[in-house]
1. Whole-Hz Karplus ³J(HN,Hα) for segment 130-147, in order, using 6.51 cos²θ - 1.76 cosθ + 1.60 and θ = phi - 60°, x for Gly and Pro?
2. Assign one of three labels to segment 131-199, namely rounded, prolate or oblate, based on the Cα gyration tensor with a ≥ b ≥ c the square roots of its eigenvalues; rounded applies when a/c is under 1.5, prolate when it is not and a/b is larger than b/c, and oblate otherwise.
3. Scan (i) 45, 20, 17; (ii) 63, 18, 15; (iii) 33, 23, 17 for the value of semi-axes √(5λ) of the Cα gyration tensor in Å calculated from this model and give just the label.
4. If I model a spin label as a point 7 Å beyond the Cα along the Cα-Cβ vector, how far apart are those points for SER244 and ALA40 in nm?
5. Give me the accessible area of ILE196, 1.4 Å probe, in Å² rounded to the nearest 10.
6. Leaving ligands, DNA and RNA out of it, work out the accessible area of THR192 with a 1.4 Å probe and give it in Å² to the nearest 10.
7. Charges only on Cβ, +1 for Lys and Arg, -1 for Asp and Glu: so what's the dipole of the chain about the Cα centre, in debye to the nearest 20?
8. Please return the longest range in the chain lying between exposed loop sites, taking GluC sites (Glu not before Pro), DSSP loop only, at most 14 other beta-carbon atoms within 10 Å, and leaving the sites out.
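The values are calculated or read from the model by the stated rules, or taken from the named source; none is laboratory data. In this text, all values refer to a predicted model and were calculated from it rather than measured experimentally. So basically every Cβ, Gly included, is an ideal-geometry build from the backbone, and we count neighbours across all protein chains shown. What goes into the accessible areas is simple: the full protein's heavy atoms, side chains included, and nothing from ligands, DNA or RNA. Shrake-Rupley method; radii C 1.70, N 1.55, O 1.52, S 1.80 Å.
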Amino acid sequence: MTIYKAPVEDVTFLLNDVFQIDKYNNLPGFSDATADVRAAIFDEAAKLAEQVLHPLNHSGDLEGCTRHDDGRVTTPKGFKEAFKQFADGGWIGLAAPQEYGGQGLPASLSETVSEFMSSANMAFGMYGGLTQGAMAALLVHGTPEQKNTFVPNMVTGKWTGTMNLTEPQCGTDLGLMRTKAVKQADGTYKITGTKIFISGGEQDLTENIVHLVLARIEGAPAGIKGVSLFVVPKMKLNADGSLSGEPNGVSCGSIEHKMGIHGNSTC
């Protein structure tokens, strides 16, 4: 078996001696990221990456994800337990705002931890990485209701997130996208289309998946200016934000087999 050793000493040297991170204590979150806190975070992240995630890298790639006839996807052996440990440790919300349950620490610490996780097991790291990306988009562009409904559940790892951009006929050329959104009487949108290469698009790690889907509203201008971004949860929600138990109209048609990351369900 290969061995992964997280570069804790190198990272600590860069932050302390090269970037002199302590001089940014006047910025939000930095004053809480003292040298002792940074050391504890990196040491614990290294243990998780080295002892839990890396041992699953080879076995997870050999086993891969399995799509079942009903569209469900199961991840490789050990991934579900590792993800629970990852989520329970608060790693997803390391730099997320405290008002949504995150720790509010600098993104530089979160990115360092993500580098550890992805280096140890890229396929596993993508589940949390896509979730952090979806959270970032919601925090900047989401409505207050969307932020309060989705972000806390993603911070805790109860729900994961994805980005749905690419389509079979046009790759990532947004101007040629065919996915269509039609406004409904209740203010929601009915979306129809096919997306490909959706990392973590279906899995058995969490109770819900928050898909961010690029689509064109009916009657919108042609080209990229007519494209909008929609929040499409895998499971429908009640008015209070709890799960309704009713699946949304989202299904995984197949799994791509990407070299080195078979443990991530690319749908």
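1. Listing the rounded values in order: 5, 5, 5, x, 5, 4, 4, 5, 5, 5, 8, 10, x, 6, x, 5, 5, 4 Hz.
2. Values: a/c = 2.34, a/b = 1.37, b/c = 1.71.
It comes out oblate by the Cα gyration axes.
3. Answer label, from the structure shown: (iii).
4. With each label placed 7 Å out from Cα toward Cβ, I get 4.3 nm.
5. Here the residue's solvent-accessible area equals roughly 40 Å².
6. 70 Å²
7. 940 debye
8. Values: sites that count: GLU207, GLU218.
Longest stretch, sites excluded: 1-206.
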